[in-house]
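Here's the structure we're looking at; comments come further down.
What follows draws every value from the coordinates through simple rules; no lab data is involved. All figures in this text were calculated on a predicted structure; none of them were measured in a lab. Quick reminder, even Gly has a Cβ in these numbers, built from the backbone with ideal geometry, and neighbours come from all protein chains shown.
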Amino acid sequence: MSREFRRLADEHGGRIYTLALYLLGRREDAEDVTQEVLVRLWRYRDRIDPARTRAWVAQVTRNLVIDVSRQKRMRAAVFADGADMEETVAASVDASPDRAVMNGELRTALEAAIARLDEPYRSILVMREIQDYSYQEIASVTSMPLGTVKVYLHRARRRVRDVLRTGAHDGAD
Amino acid sequence: MAPIDRHECEWVREHLDAFLDGADSDLAAGDSERVARHLASCAECRAESAFAQRVRAGLRGMEMTAAPAAVIERAEREIGSTRGRVVALRPRGGMRRWAPAIAAAAVLVVVATWSERSRRAQAERVAVEQAAREAAVAFAYLNKYAQRTGDIVEADVIGRRFVAPVEKAMEKTGVAETKPSPDES
């Protein structure tokens, strides 16, 4: 069991943890979700279509994130340390996106900008841009039509650019 | 130098992301050419396009974070400790949502069997078989949904929670006695 489980964990663990971390913003919660998804993945491994495993993993992760968020009575799209994030954006972007790119602070600024997105913008952006999910997979994970996924992604990208430019405070529309 | 057409700038920025999708783009060929033409003549939109590309590259360059080893070990321990035991049906999340439908399916089965009680044995057999098929469809749907959400629903739990009560009700009504014997089938 151990070797096969490790192989599954190596293949999907990072994907699960990254998505949970971006959606929840709290390491401990992301770890709990990752553990639960890995357990479920193991139990269902024989029943999941191998071609759909990536989508299955993202779907279960997202569902558990929603459960955790509800249980903790917090919005799924809010970083616990949002105030710190706002300062990070302001400091790293410094009114000039080009400077943020040039001085290597883009990653920090991007993380903060992503943290400003509400759901489902955040999930869709993370899955598409960071985790390289196809539009079709994202549509399957979010149970949305393909065209709707593209519209949300378009708005999320614009929103990230706006935040990088201005450090704006409100979430995506 | 031609004056900047602000309406055209707005239109281009609205379609910029689709344009930058390249091979994945669902922008019509004519629209794609329109964006390209405008970018060639508008420095502001060209800068916006360059910025958008840089942000995309930045996002795609962000690495995934590996799951902590301790989390993988905890999951492994949990799997080891639950191997072979029956996992209870957890009435949470998606499962709870389907509980009324499951209950309704069970009630349907019972009602269908009751309504057939006064008919002849052959008619009762048909009804029971039909009810069993409907129940099978309901359970298959439940299992499919559970698999989607990753909830665990063990077959024997379904049997204990849903099938057994229906069978009990059928016994009470006397319908179960009309089932064909192995010799008949």
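Can you pull out the trypsin sites (Lys or Arg not before Pro) in segment A:1-72 whose DSSP state is coil and whose Cβ has at most 11 other Cβ atoms within 10 Å? For trypsin sites (Lys or Arg not before Pro) across segment A:1-72 that sit outside H, G, I, E and B with at most 11 neighbouring Cβ atoms in 10 Å, the list reads A:ARG47. Can you bin segment B:6-60 into rounded, prolate or oblate? Criterion: square roots of the alpha carbon gyration tensor eigenvalues sorted a ≥ b ≥ c, rounded for a/c under 1.5, prolate for a/b above b/c, oblate for the rest. Note, shape of segment B:6-60 comes out oblate. Near A:GLY25, no amide H atom lies under 5 Å from its own; only residues 5 or more places off or on other chains count, and H is placed 1.01 Å from N.
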